[in-house]
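Report on the following structure.
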Amino acid sequence: MTVFQNPRQVAIALRDDTLSEREKLNFVWVSIAIASIFGEASILSALARPNVAGLILLVPWGIQIWGIMASFRANRRGDNQNFIERLICLTTALSIRASLVSFVLSALIYSLIYWPPLSSLIFLLTGLVTIGLNLYVYIRLPPLMTQAAGGTDLEGAPNPEP
């Protein structure tokens, strides 16, 4: 099945559990591609700025792609099941914490140094906060995926039997 299938066929395949983990991953890649092209901080807008600003916009995309690939490999080394479900649940759990910290830091940045001549500094600092948020989520994600897939826990010992 391809990502260009009729949505009804996709729903039936999901219901019948006939999509492989690789096919599910392809849906994630296409959704990321759509966001990277048409999203607010798209890769195209980053590439249109051949300077530090473009790099700051581009780095989170690279972190996200690396993190998803590392998580897919971690899941495959485990039981190789339920990758998308685990990806969504784990990234959401990690993102909640990271987003709260990001919100506080961004609010501080805007309240302490909001002055139009310093807009470049504000952009740089908020970009660094975004990069930090992505690093937190996607560095923590592969070990959690390993644990969720039945591999070893975060300390390296095998998971206890239920």
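Quick note: the coordinates plus some simple rules give every number you see, no bench work behind them. All values reported here derive from a predicted model rather than from experimental measurement.
Give, to the nearest whole percent, the P(r) tail of region 48-128 beyond 23 angstrom, counting all Cα pairs. Working shown, then result.
On the way: 1341 of 3240 pairs.
Of all Cα-Cα distances in region 48-128, 41 percent exceed 23 Å.
Working out 0.36 nm times the residue gap between GLN5 and ARG22, then minus their Cα-Cα distance, what length gain in nm do you get to one decimal?
4.6 nm
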